[in-house]
Amino acid sequence: MDTQTWDALVASMKNAYTADLARGAAPRPVIMPLVRGELVGLVRLRPTEGGQDAMSAIVELSNVASAAGADEVVLAWETGEVATSCGLAATGPTPCLNLVHATGDGHVLHRLPYALDPLDAAPDDPAAAGLRWLPAPEPQPGGELVPPIRAAVDYSFTPLELDHPSPFGVTVLLMEDDGYTVHLTDTFAP
């Protein structure tokens, strides 16, 4: 992936997380598969129940990447949100937007910590808070990933064996039916 594409994906995720928090919504994990450097689209996690359902749903994000034959993926998630929804201990800074850029050969973890600054007398209201991005630590090649994120990365590069004339198209439709939000670029629209 070239630097311009990476910078655009990071800016897009920062803007989306800022907008989610301003609306008082918890940011949901997102996967962005790429094929030969070209973005396939964006898949946002479906609504989940806590625990095993949340973990399974995060792993299932890999389905579109696998069906598209992605050679790169970027997965974004919020440290505290994933830890809470999956019943895991938070690892790394919190609050923090995490992005992992992965290929079949490995991954690099990027952490983008932030602070919520109250804008008025309602400090417990995320919609009334301003998001301030803090200095980011150095990217971590091979950085530790929580189990559902690690599995989603791994399965993104596992060929999807689906007996259907259009495995990519049917995968997208099945994921949408399951409640995932799928936005494909024009090049990859089924």
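The modelled label-to-label distance for the pair Tyr155/Thr181, using points 7 Å beyond Cα in the direction of Cβ, is 2.1 nm.
In this structure the amide hydrogen of Gly41, modeled in the peptide plane, comes within under 5 Å of the amide hydrogens of Thr185, none closer than 5 places in sequence on its chain.
Taking θ as phi - 60° and the Karplus parameters 6.51, -1.76 and 1.60, the scalar couplings of the range 98-115 work out to 10, 10, 10, 9, 10, 10, x, 9, x, 8, 10, 9, 10, 10, 10, x, 8, 10 Hz in sequence order, x denoting glycine and proline.
Calculate, in whole percent, how much of the Cα-Cα pair population of the range 57-112 lies beyond 13 Å. Percent of Cα pairs beyond 13 Å in the range 57-112: 64. Per residue, the chain exposes an accessible area of 49 Å² to a 1.4 Å probe, with every protein chain left in place. A Gaussian network model of the chain, with springs between Cα atoms under 10 Å, assigns the largest mean-square fluctuation among Leu61, Leu109, Leu131 to Leu131.
Translational diffusion coefficient of the chain (Stokes-Einstein, Kirkwood radius from Cα pairs, 10 °C, 1.306 mPa s): 94 µm²/s.
Applied to the range 61-78, the Karplus parametrisation 6.51 cos²θ - 1.76 cosθ + 1.60 on θ = phi - 60° returns per-residue 3J(HN,Hα) values of 4, 5, 4, 5, 4, 5, 5, 7, x, 4, 10, 8, 9, 10, 10, 10, 7, 9 Hz, with x for Gly and Pro. For the chain, the relative contact order comes to 24 percent (Cα pairs under 8 Å, sequence separation of at least 6). Computed from label points 7 Å out along Cα-Cβ, the spacing between Ala90 and Val35 is 3.8 nm.
Computed from phi, the 3J(HN,Hα) profile of the range 140-150 under the Karplus parametrisation 6.51, -1.76, 1.60 (θ = phi - 60°) reads 10, x, x, x, 5, 10, 5, x, x, 5, 4 Hz, with x in place of Gly and Pro. Taking amide H atoms as placed 1.01 Å from N in the peptide plane, the amide H of Gly143 lies under 5 Å from those of Leu109, each 5 or more residues away in sequence or on another chain.
When the Gaussian network model of the chain links Cα atoms closer than 10 Å, the mean-square fluctuations of Asn98, Asn63, Asn15 top out at Asn15.
For the chain, what is the mean residue ellipticity at 222 nm derived from helices alone (per DSSP H run of n ≥ 4: -39500 (n - 2.57); sum divided by total residues; nearest 500 deg cm²/dmol)? The per-residue figure over the chain is -10500 deg cm²/dmol.
The values are calculated or read from the model by the stated rules, or taken from the named source; none is laboratory data. Small disclaimer: the values here were computed from a predicted structure and weren't measured. Neighbour counts are summed over all protein chains in view; Cβ atoms, including those assigned to glycine, are modelled from backbone coordinates with ideal geometry. Side chains included, ligands, DNA and RNA excluded: accessible areas come from the protein's heavy atoms. Shrake-Rupley method; radii C 1.70, N 1.55, O 1.52, S 1.80 Å.
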